[in-house]
1. Test each condition in (1) crowded, with 24+ Cβ neighbours inside 10 Å; (2) of a type outside the set (Asp, Glu); (3) more than 16 Å from ligand 2 (Cβ to nearest atom) for residue B:88 and report the one that comes out false.
2. Out of C:122, C:50, C:88, which single residue is crowded, with 24+ Cβ neighbours inside 10 Å and more than 25 Å from residue C:241 (Cα to Cα)?
3. Restricting attention to region C:162-187, which residues are facing another protein chain (nearest Cβ under 8 Å) and either within 13 Å of ligand 1 (Cβ to nearest atom) or closer than 23 Å to residue C:214 by Cα (or both)?
4. Under 6 Å between Cβ atoms, at least 6 apart or on separate chains: pull out the pairs that start in region C:100-111 with a residue that is within 8 Å of chain B (Cβ to nearest Cβ) and end on any residue that is of a type in the set (Lys, Arg).
5. Does region A:21-31 include one or more residues that are free of Cβ contacts under 8 Å to residues at least 40 places away in the same chain and within 14 Å of chain D (Cβ to nearest Cβ)?
6. Can you tell which of D:168, D:231, D:194, D:223 is more than 16 Å from ligand 2 (Cβ to nearest atom), more than 23 Å from residue C:165 (Cα to Cα) and free of Cβ contacts under 8 Å to residues at least 40 places away in the same chain?
7. Pairs needed: first member in region B:229-251, over 20 Å from residue B:135 (Cα atoms) and at pLDDT 95 or above; second member anywhere, assigned to a strand (DSSP E or B) and not hydroxyl-bearing (Ser, Thr, Tyr); C-beta distance under 6 Å; at least 6 residues apart or different chains.
8. Those residues that are assigned to a loop (DSSP other than H, G, I, E, B), more than 16 Å from residue B:136 (Cβ to Cβ), of a type in the set (A, V, I, L, M) and within 15 Å of the chain's Cα centre (by Cα), I need them from region A:116-144; list them, please.
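The values are calculated or read from the model by the stated rules, or taken from the named source; none is laboratory data. None of the values given here were measured: they were computed from a predicted structure. Note: ideal-geometry Cβ built from the backbone for every residue, glycine included; neighbour counts use all protein chains shown.
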Amino acid sequence: MSITYLAAIREAQAKALADDPRVFIYGQDVATFGGAFKATKGLSEAFPGRVMDAPISEDAMVGMAIGAAIEGMRPIVEMQFADFSSIAFNQIVNQAATLYWRTGTPCPITVRLPSGGTAGSGPFHSQSMEALYAHYPGLVVLTPATVEDAYSMLLEAIALPDPVIFCEHKLLYYHLKAESLPVENLPIGEARVVRSGQHATIVTYSAMVHESLKAAGMMAEDGYHIEVVDLRSVKPIDTDTVLASVARTGRLLAVGEAFPWGGVTSEVIARVAAEGFDLLDCPPRRLNARDTPIPYHPNLWKAHRPTADTIYSALTNLVRL
Amino acid sequence: MSITYLAAIREAQAKALADDPRVFIYGQDVATFGGAFKATKGLSEAFPGRVMDAPISEDAMVGMAIGAAIEGMRPIVEMQFADFSSIAFNQIVNQAATLYWRTGTPCPITVRLPSGGTAGSGPFHSQSMEALYAHYPGLVVLTPATVEDAYSMLLEAIALPDPVIFCEHKLLYYHLKAESLPVENLPIGEARVVRSGQHATIVTYSAMVHESLKAAGMMAEDGYHIEVVDLRSVKPIDTDTVLASVARTGRLLAVGEAFPWGGVTSEVIARVAAEGFDLLDCPPRRLNARDTPIPYHPNLWKAHRPTADTIYSALTNLVRL
Amino acid sequence: MSPVTAEKFITTYRWMLLARILEDRIASLYRAGGAIVGGVYLGRGQEAFSAALGVHLSRERGDVFGGLIRDMAGRLAFGEPLLDPARSYLGSAKGPMRGRDGNIHRGRPTEGLPAMISHLGSLVSVVSGMLLAKRLKGDPPCVGASCVGDGATSTGAFHEAMNTAAIERLPLVVAVANNQYAYSTPTSRQYACENLVDRAKGYGVTGHVVDGTDLEACLDIFERAVTAALETQTPQMVVGKLLRLSGHGEHDDAFYVDPHLREESSGRDPLTVAETHLLEKGWGTPSDVDAWTADAVERVREAMTQAQREGGPDAAVETWEALASRHLVEGGNA
Amino acid sequence: MSPVTAEKFITTYRWMLLARILEDRIASLYRAGGAIVGGVYLGRGQEAFSAALGVHLSRERGDVFGGLIRDMAGRLAFGEPLLDPARSYLGSAKGPMRGRDGNIHRGRPTEGLPAMISHLGSLVSVVSGMLLAKRLKGDPPCVGASCVGDGATSTGAFHEAMNTAAIERLPLVVAVANNQYAYSTPTSRQYACENLVDRAKGYGVTGHVVDGTDLEACLDIFERAVTAALETQTPQMVVGKLLRLSGHGEHDDAFYVDPHLREESSGRDPLTVAETHLLEKGWGTPSDVDAWTADAVERVREAMTQAQREGGPDAAVETWEALASRHLVEGGNA
Ligand SMILES: Cc1ncc(C[n+]2csc(CCOP(=O)(O)OP(=O)(O)O)c2C)c(N)n1
Ligand SMILES: Cc1ncc(C[n+]2csc(CCOP(=O)(O)OP(=O)(O)O)c2C)c(N)n1
Ligand SMILES: [Mg+2]
Ligand SMILES: [Mg+2]
């Protein structure tokens, strides 16, 4: 058996629907069609009445989910693309994220965001919006990078009593495969050291974990052992695991696919600089996408986001500092 | 003559309307009523047909402004409170911010956001949203802290060919006064050292400049000279001025009123850590609001945001490191 | 439909009276300064429309009342404890929002009283979601009400929610209080249709119009609308015309209100209209009204006194946790 | 209204033909793989409705055509250079978006062709703003068109923009192409009103309905709507019923489309309908049609060949500047 990242997301939803009658799925084209990426394929037939097509109304989709959560349900909202969650932005950050703090009523909704860039998708079908949601109090923001995490973190997200922004990376949907689904896994909130090393630490998440691992492989050929930390969750951030890694290596490169100003990478560096300053042997560095909208043409797109090559050259500079 | 921060904003708009026929103002209750804070008082009478009341439709307000900008106008959009710009979020970050890059057509709109906390205003009338807008490419994000800056930066914002998010702080509206309006001023993009010192640098912006100055005054009594840098513009950030200050003092505290995850403070620290690591004598620190919605009750509100007292104690720790 | 009974009329009138007296008290404390925390926005002029909706909803049936700024009367009629607004306005830590949020935002979401956020229009879909959940859970039929003003109908959130509720055939009663102003903005700058009820057909929902100053008419229309929502399981849109008989908030002298509007029938005070009506019908005497007033005054006095004795929230014991998952809460500053 | 003339009919028909042939070519290149950059979304089935709008707008008058996904025919009819779509789809750096954005998003905002973003509904207010600006500048009267699908009418952005345009009395023609699906979603899950034109009254704008497969009817209705917008300076909403004669995009086999819909009059191919009509009227002969087709094929071949020869954008020379104020551009990575 071999299961993709996408199939893991589907399986997690199938399991949640089967195990918990409070779970339902709401989103555009999620029923008969099975979702734009087929993440809900077959679920409307298997769970009649619990997988519902929504009109093109992201604000109302999330508002409905919040109302249902107040009544004890566990809605999963699928955005057709992460980018369209901008329409639901107000309901997410002001209604869902504040409900528990204001009223004591938990708001267990999971909003699935098909995120990140793929070639030819352009400025409005490629965004990584984790930093926006992480900035607002009251949300949990997850960025699984592996098939196993996609599965187990989605299940855990649905079970959490809080609103979760679940950023799935579209580039991983079909390409990433695992042998089987995990039975146990690290809990949400813990980062994972996916490759250990001694010369520098890369802290990253989502699809950039794979580019970073490639870059680490290239560095190994040059004799450098690079540790790679997959954050898994960007809100909260597991600062302890990050600091422990930097303590081992003394060097930090934070890598993210999002826009450069104020994203996960700056938050990671700010934390390490503040809490682990003495662990650092040289300036921490970061690598993000460029500060323009995400280009549509693959020639430009490839140069807009970090890749194994650009991470490799950043690392090469870093280990020489 | 004595002029408030609010009056400066009104005067800047009056001057822009008088000098440039392309300027008009659009927002809820801005005409007869003169705006919820009276920032447009008298302007609809002085400039008939150029100050228009909008329906409660922030998305359309910004969309209309973008269209007008395409046709060569210079619209100013007033949000009744910054917090309501969440409704216009999509038009701002996806339509206005991408227009120039995608099409080569500039998008000179100014969106005024009455920002920041005041006692008793609660979670939806107190937000500081600069980090959200700064994260997206294609926007200029300004945070004036003085009467002079409110005036001259607003005039410069209106003249810029790009979309500007103009974050005016409501707490400064009535309390902050100057003798006269400036004729010349620092250009947008340059930070200002508002107090010089040698023991530590505070990098801050907007209302927190004043809390920081108070804290610096308290430190002076303890014999410490604290330099205070007012960023003025948070996108772009004048990293050079920040680094020059840290070079003088060796210590950095970044202070902001926004939520703690991924805001201006983390961006500032990430830049200094990366570009000015060797200038730092000790870990950089930051002070933000707490990671909850902004409380309505003054007892809680006062404890939610940084104040001169909490900045003072952060500084006290910092200079001892 | 059953004609409006004396009993129902009087019950509703007394909720209106209670709301008015409470709000008058809050407004005078606000003007005096010091006691009231936050802003004050009154339901003056909207009491008949709001209370007539509130009395037709039933907490026992599982109904939901999604009140807005000017729904003091409706919230109380639906069963909100009088102490909730008293505590909110006076900043008591014992209020339903514990000082974290306040006043018009107060609510008890799990008791059918969702707590509005400021962003207008955004509660309509939340109430809809509550109704959808009840249906999915197999709860007995119930009704949800969501209140909006003329201004809120211009929001995208309102539109998306109305359309979605219509598609899902939810038993939603949307009460549009057209009080002719949104803050200072007259309806001519808010919409261009003849009557907001013209939107009902465009959503495929049933529309109703009513004189929002006339309690009897309001009771009649909301009885119809609530019954229709319950029986047909489809949304109902009720547009009431009335006039805001105050500033937008108590900081606002409403200089911009066209004085002619006060002379029109829709500019009447619904309390006066109701009082005249019940006296004319012989449903009560002037001394009954005096007694009801005295009773309301006393209840308000009690609630306000109790709330005023209670302290405000204490920042030192506040947990500062925005998540129910406590293990995922971050400190934040470093 | 003047009856539709042979000349106008033929002109429009030829734009439809050009759009169809261009899109067929793009679709076949897409299926072959390699040449097309990005996704492919076709206007197949919508050519009559789109082109009939395009021919009634005038760039000289300062009109605006805010086309969407399926408006190849209308854009071309309005005057978009054929090279623009050719270059966009083939990824030429010389396209109007220079490889930064592409395909259906292409535009020339300062030439009356605003460039849509993906977020549905959000262009309607932009076109409105262009019209408002023209009025403020004192430009001669003109018309702006904004195109949306049945699905886009569910967006809050659409609602806010319609309402605002009505308040400002803008000469806006909103063309709603009800092609009965939004991606896979049938209209029963998109709205609950009988006909989307029922919304017109709720906004206080004039509503029109038309058989979107019938070019003559479309020409007639858009002539009326554009004239009315110009003369009355108020928005016009035109709802055309038709069927999407393709998948949502070329990746989609549209298995979910109810086959009965293809049998209905609204499921007809507008090109066939128009061809039959012009032959019947004697406005052209089969050999005229062949000649027009050959001409369109040749024009498409030329444009595509030229675009294909041009290279894609070069990342090394790309400026990576998202601001027109170059001095405010930040580097970003450190
Ligand atoms: C989305 C949004 N924009 C702006 C505001 C600011 N605001 C608060 S109340 C109000 C007027 C509301 O008018 P209406 O809906 O008619 O209700 P009324 O106050 O008349 O009862 C405005 C503009 C808001 N709360 N939400
Ligand atoms: C706000 C928003 N949500 C979701 C999408 C994804 N999406 C792209 S096209 C489409 C269907 C559009 O349907 P309709 O408006 O009827 O136009 P049609 O494709 O039928 O021409 C959807 C859901 C989007 N573009 N914008
Ligand atoms: Mg009103
Ligand atoms: Mg459609």
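1. Of (1) crowded, with 24+ Cβ neighbours inside 10 Å; (2) of a type outside the set (Asp, Glu); (3) more than 16 Å from ligand 2 (Cβ to nearest atom), only one is false for residue B:88: (3).
2. None of the other options fit; the residue is C:88.
3. Of everything in region C:162-187, those that are facing another protein chain (nearest Cβ under 8 Å) and either within 13 Å of ligand 1 (Cβ to nearest atom) or closer than 23 Å to residue C:214 by Cα (or both) turn out to be C:182, C:183, C:184, C:185.
4. Sorted first by the residue in region C:100-111, then by its partner, the pairs are C:100/A:102; C:101/A:102.
5. Yes, there is a match, as at least one residue in region A:21-31 is free of Cβ contacts under 8 Å to residues at least 40 places away in the same chain and within 14 Å of chain D (Cβ to nearest Cβ).
6. Only one candidate passes the filter, namely D:231.
7. Correct list of pairs: B:229/B:193; B:229/B:203; B:245/B:227; B:245/B:229; B:246/B:252; B:249/B:200; B:249/B:227; B:251/B:200.
8. The one that is assigned to a loop (DSSP other than H, G, I, E, B), more than 16 Å from residue B:136 (Cβ to Cβ), of a type in the set (A, V, I, L, M) and within 15 Å of the chain's Cα centre (by Cα): A:139.
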